[in-house]
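Below is one structure, written out as structure tokens; the observations come after it.
The values are calculated or read from the model by the stated rules, or taken from the named source; none is laboratory data. These figures come from a predicted structure and were not determined experimentally. Every residue, glycine among them, receives a Cβ derived from its backbone with ideal geometry; neighbour counts consider all protein chains shown.
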Amino acid sequence: MRIEFYTDNKNKIFLILLIFICFLFFIDKPLFIDENLFVETGEKISQKGWKCYNFYGNFKQGLVCQSNQNPPLTSYVVAIASLFSPSIVLYRFVFIIPAILLIFGIYKICRIIGFNREDSFYTSIFSLATPVYMLLFIYIMSDILMTMFYVWAVYFWIKGENEKTYRYFYISAILICFCFFTKYFGITAVPLLFVFSIIKNNNKLKKQIVILFIPIIFVIIYELFTLYLYGIGLTFKAILYPNNFNDDWRRFLFGLSFFAGCYLWIILELNLISVLIAASLVFFIPINDIFHVELSLWCKLQMVFLISIGISGVTFLLKKIIENNNFYDPYIILFVLWIGGTWIFSTYINWSINARTMLPMIAPTSILFYRFSIQHRKTNRKVLTIIIFFIFSFLIQCADYEFAMGQKKAVVHISKIYDVDHYTFWSQGWFGFSRLTKDILNAKPVDFKNLPVFNEKVIMVIPKNNCNIRWPVPKKQYNITKISINLITPIGIMNRYTGAGIHHYKWGPLPFAIGPQPPNEYYLYTSKLYFESK
């Protein structure tokens with residue numbers, strides 16, 4: 001028993017060190033994507049109290065409570081951290097803790113379902129080496145935190161079923177409440193564990209099922225409380241946000257593409273039939289019409305490749321379940337429903353297909369593919385596979401980091417061209433850009449309902465490769481200065497012209513695109529009435 005305990009601790013220390021080493025490479029990353037939403041809300045909690053969503057941000061909708069589709073636990077974590085220091089580095093350090101606990105949770109689930117120490121360790125490493133984890137582990141957002149709570153909730157519920165101890169059921173229910181309070185998707189753990197318990201107990205309802213009403217009651221209380229604070233229940237608003245269940249069949253292909261890109265080691269089960277199916281589907285849909293740009297043949301070939309990996313992964317899982325007659329294995333059913341439910345939500349229900357919404361399936365995907373495929377490989381081949389995919393996943397984070405640092409580089413360059421104290425800057429765009437312009441240029445985010453009036457001191461900064469943009473028209477009334485920031489990393493994560501859209505599929509059908517990347521461009525608008533043409 002002492003040897004097992006020591007070995008487990010040694011594995012955990014190795015995982016911690018590996019995550020921290022990766023963290024140090026990106027510790028100075030500026031706020032990116034939706035991080036600014038969580039950070040600004042957290043920093044205003046001390047001023048706003050319970051009404052932390054009642055302030056205006058750089059949104060076309062105005063108030064944050066009209067734009068933020070996440071509950072506030074993540075921002076409360078930021079608020080607590082800000083009491084020590086309002087530092088982005090400190091925030092990132094704090095959010096590394098749930099990233100580590102997520103990997104530990106996967107390790108513990110592996111152990112409780114019967115994996116030995118070595119297989120549990122390898123499964124955890126494969127989880128860490130997935131592109132989706134490596135992309136998000138450093139983010140100050142709700143996704144890693146929510147998934148961590150989700151994984152541990154499942155672990156304690158399984159532990160409760162195995163040991164018939166009610167204490168673990170209550171811990172699981174409380175963790176589901178935290179999970180929901182981090183991201184609304186977290187409540188899906190309730191039906192998932194409900195079905196698992198029925199199958200685990202031979203299709204019989206047991207008393208512990210009643211405990212699952214705790215998170216449901218929590219949701220009702222939260223909804224009534226937000227209705228009182230903001231005049232609208234935020235859970236209900238988030239449900240309505242996607243507008244409708246999107247039945248566009250092409251989203252099926254994009255969902256497969258993102259699934260494969262987020263869990264790239266599924267490529268180990270790639271087969272020729274899947275490639276032929278993917279090719280026949282992709283080349284018969286008007287991809288260029290969907291994304292409104294002329295995507296290259298190279299982009300379409302990458303899409304065929306990723307969709308074929310996704311098809312191979314799904315068929316491989318179904319084949320193994322049928323072959324081994326696992327229809328009655330409660331753990332297999334649990335993991336399959338976990339994967340399938342997450343994928344359906346991400347592909348069809350959520351307002352956007354992106355890597356973040358694929359993250360919650362990291363535990364069951366890693367466990368099942370390891371059990372059915374990787375577990376049977378020789379140790380040296382496992383290690384080599386881990387190294388290859390870890391390097392590739394690390395490069396994806398490097399591309400994400402380069403994009404974020406490029407934004408900062410552009411803003412710093414603008415501050416050197418113009419006297420910040422003399423001019424009034426307005427900024428558009430999201431992806432953390434508004435925070436950078438605020439900190440460096442003292443810029444105000446554009447209020448789209450009350451557009452700024454140009455005068456001799458007004459300069460508007462617009463990042464082209466961004467969202468939340470409204471270009472000033474007519475262009476002939478403005479001087480327009482362009483700043484280009486070149487990208488070195490041979491992997492793109494967000495660019496319409498390469499088809500990469502890892503944070504939002506409307507940028508492209510690929511989670512990432514391999515090949516040379518076009519530069520990111522930033523535009524400065526000044527009025528010709530007051531500025532000489534340059």
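Looking across the range 108-121 at every residue that is surrounded by fewer than 24 Cβ atoms within 10 Å (Cβ to Cβ) and of a type outside the set (D, E, K, R), the one that is nearest to residue 336 (Cα to Cα) is identified as 113. Within the range 443-465, track down each residue that is at pLDDT 90 or above and closer than 20 Å to residue 34 by Cα. Selection gives 443, 461, 462, 463, 464, 465. Scanning the range 425-451 for residues that are over 28 Å from residue 352 (Cβ atoms) and surrounded by 15 or more Cβ atoms within 10 Å (Cβ to Cβ) yields 425, 440, 441.
Being of a type in the set (S, T, N, Q), more than 26 Å from residue 199 (Cβ to Cβ) and modelled with pLDDT of 90 or more holds for only one residue in 350, 288, 354, 271, and it is 354. Residues that are touching a helix residue (DSSP H, G or I) at 6+ places or on another chain (Cβ under 9 Å) and polar (S, T, N, Q) within the range 508-534 comprise 517, 520, 527, listed in sequence order. Does the range 179-228 hold any residues that are aliphatic (A, V, I, L, M), over 21 Å from residue 73 (Cα atoms) and part of a helix (DSSP H, G or I), and which are they? 192, 193, 195, 198, 199, 209, 210, 211 - these are the residues of the range 179-228 that are aliphatic (A, V, I, L, M), over 21 Å from residue 73 (Cα atoms) and part of a helix (DSSP H, G or I). Is at least one residue of the range 397-411 modelled with pLDDT of 90 or more, outside any helix (DSSP H, G or I) and of a type outside the set (Val, Ile, Thr)? No, because not a single residue in the range 397-411 is modelled with pLDDT of 90 or more, outside any helix (DSSP H, G or I) and of a type outside the set (Val, Ile, Thr). Might you check whether a residue that is part of a helix (DSSP H, G or I) and either in the same structural domain as residue 516 (by TED's automatic domain parsing) or without any contact (Cβ under 8 Å) to a residue 24 or more places away in the chain (or both) occurs anywhere in the range 442-459? Taking every residue of the range 442-459 in turn, none turns out to be part of a helix (DSSP H, G or I) and either in the same structural domain as residue 516 (by TED's automatic domain parsing) or without any contact (Cβ under 8 Å) to a residue 24 or more places away in the chain (or both). Considering the range 489-507, the residues that are touching a helix residue (DSSP H, G or I) at 6+ places or on another chain (Cβ under 7 Å) and surrounded by fewer than 18 Cβ atoms within 10 Å (Cβ to Cβ) include one that is nearest to residue 350 (Cα to Cα), namely 496. Tell me, which residue of the range 511-525 that is buried (at least 23 other Cβ atoms within 10 Å of the Cβ) and over 15 Å from the mean Cα position of the chain (by Cα) is nearest to residue 356 (Cα to Cα)? This residue is 513.
Has the range 35-42 got at least one residue that is exposed (fewer than 15 other Cβ atoms within 10 Å of the Cβ), under 30 Å from residue 157 (Cβ atoms) and modelled with pLDDT of 80 or more?
Let us first name the residues in the range 35-42 that are exposed (fewer than 15 other Cβ atoms within 10 Å of the Cβ), namely none.
Within the range 35-42, none of the residues are exposed (fewer than 15 other Cβ atoms within 10 Å of the Cβ), under 30 Å from residue 157 (Cβ atoms) and modelled with pLDDT of 80 or more.
Taking the range 221-251 as the range and being modelled with pLDDT of 80 or more and either under 20 Å from residue 359 (Cβ atoms) or in contact with an Asp or Glu (Cβ under 8 Å, 6 or more places away or on another chain) (or both) as the test, only 251 passes. Only residues that are surrounded by 16 or more Cβ atoms within 10 Å (Cβ to Cβ) and either touching a residue at least 40 places away in the same chain (Cβ under 8 Å) or under 16 Å from residue 183 (Cα atoms) (or both) were counted in the range 206-222, giving 7.
Out of (1) touching a residue at least 24 places away in the same chain (Cβ under 8 Å); (2) of a type outside the set (Phe, Trp, Tyr); (3) under 25 Å from residue 368 (Cα atoms), what's the single condition that is false for residue 279? The one condition residue 279 does not meet is (3). Taken across the range 210-229, residues that are hydrophobic (A, V, I, L, M, F, W, C) and within 30 Å of residue 128 (Cβ to Cβ) do not occur at all.
Checking the stated criteria, residue 489 turns out to be β-branched (Val, Ile, Thr) and assigned to a loop (DSSP other than H, G, I, E, B).
Listed by position, the helices (runs of 4 or more DSSP H) enclosed by the range 80-140 that each have at least 2 residues that are over 15 Å from the mean Cα position of the chain (by Cα) and without any contact (Cβ under 8 Å) to a residue 12 or more places away in the chain are 88-112.
Among the candidates 150, 166, which residue alone is of a type outside the set (Lys, Arg), more than 29 Å from residue 86 (Cα to Cα) and either under 16 Å from the mean Cα position of the chain (by Cα) or surrounded by fewer than 24 Cβ atoms within 10 Å (Cβ to Cβ) (or both)?
Numbers: 150 fails: more than 29 Å from residue 86 (Cα to Cα).
Going through 150, 166 in turn, the sole match is 166.
Sort through 281, 276 and tell me the only one that's surrounded by fewer than 17 Cβ atoms within 10 Å (Cβ to Cβ), of a type in the set (A, V, I, L, M) and over 23 Å from the mean Cα position of the chain (by Cα). Reasoning before the result, please.
Values: 281 fails: surrounded by fewer than 17 Cβ atoms within 10 Å (Cβ to Cβ).
Within the list 281, 276, the selection yields 276.
Is it true that residue 484 is polar (S, T, N, Q), touching a strand residue (DSSP E or B) at 6+ places or on another chain (Cβ under 6 Å), in the same structural domain as residue 507 (by TED's automatic domain parsing) and surrounded by fewer than 21 Cβ atoms within 10 Å (Cβ to Cβ)? So residue 484 passes the test.
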